[in-house]
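S.K.: Questions regarding the structure given below will be posed in turn.
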Amino acid sequence: MEPKIKEKSRKTVASGRFLKIGETVYTKDGQEFTWEFIERSTKSGEIDSVLAIPFLKTADGQVKLVMIGVYRPPVGKFSLEFPSGLMEANEDPVDCVLRELKEETGYVGERDSINSDVPIVHTTPWKSTECGKAYRVMIDGSRPENINPKQSLEADEAIRVHLLNVENAEEEIKRLISANDYVVISFIYGIIEGIAFAKK
């Protein structure tokens, strides 16, 4: 039988520059429970953030997967990720993903390569309300601005850019993780396993 779940209350118990800690009280089949969660202080619209899955087509026709190594203070290490960032007030998500790609990698993406009709995805719904959209972005490596790309990082950001061969992305991701002692986000590991399974 489907359980009967009803939310009774929701409140913020602490707030910082980027994050808030919330608490929700709900009942399941009449029994009351309390759950703590995190949400973005910066959210101003439907979604919190965007993520780019960028592919660089080089002048000689090769296709490279673009990934970044980002220093993440909570774990005190660099993390292997895709370019991403928070939405600004009234910003269009496609504008945001192109902006974040340029800031974090230096590459200018092709707007007409982006399918804007993508679903909202939740990052860690067991602990956070954070949600966003993920876009595949093509980069024309023959464009002058993409030959020697220059990042535009914030003062507190440290980001390394990696270009991976699509044909053996699984092995290259594993090599990057090992060589750089990278923290691995769970969905990146999911990609590795998915590629491995597809090859069987």
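The values are calculated or read from the model by the stated rules, or taken from the named source; none is laboratory data. No experiment lies behind these values; they were computed from the predicted model shown. Positions of Cβ are backbone-derived with ideal geometry, glycine not excepted, and every protein chain shown enters the neighbour counts. The protein model used for the area step is the full one, side chains on, heavy atoms only, and it has no ligands, DNA or RNA in it. Shrake-Rupley method; radii C 1.70, N 1.55, O 1.52, S 1.80 Å.
S.K.: What does the highest-first list of 110-116, 136-142, 50-56 look like by mean Cβ count within 10 Å?
M.R.: Result, highest mean Cβ count within 10 Å first: 50-56, 136-142, 110-116.
S.K.: What number, rounded to the nearest 500 deg cm²/dmol, is the helix-based mean residue ellipticity at 222 nm of the chain, given -39500 (n - 2.57) per DSSP H run of at least four residues and division by all its residues?
M.R.: Estimated from H runs of four or more residues: -6000 deg cm²/dmol.
S.K.: Using a Gaussian network for the chain with springs between C-alpha atoms less than 10 Å apart, which of these wobbles most: THR123, THR27, THR105?
M.R.: Per the Cα network of the chain with a 10 Å cutoff, THR27 tops the list.
S.K.: Also: Match the structure shown to one of the listed values (i) 18.3; (ii) 25.4; (iii) 18.9 of Kirkwood radius over Cα pairs in Å, computed from it, and give that label.
M.R.: The value matching this structure is (iii).
S.K.: Mind checking the per residue accessible area of the chain for me, 1.4 Å probe, whole number of Å²?
M.R.: Value returned for the chain: 61 Å² of accessible area per residue.
S.K.: Quick one: with all protein chains in place, what share of the accessible area of the chain is carbon or sulfur, to the nearest percent (1.4 Å probe)?
M.R.: 52 percent
S.K.: Then there is this: Mind telling me which of GLU172, GLU100, GLU157 comes out most flexible in a GNM of the chain, alpha-carbon contacts under 10 Å?
M.R.: Evaluated over the chain, the most mobile residue of the options is GLU157.
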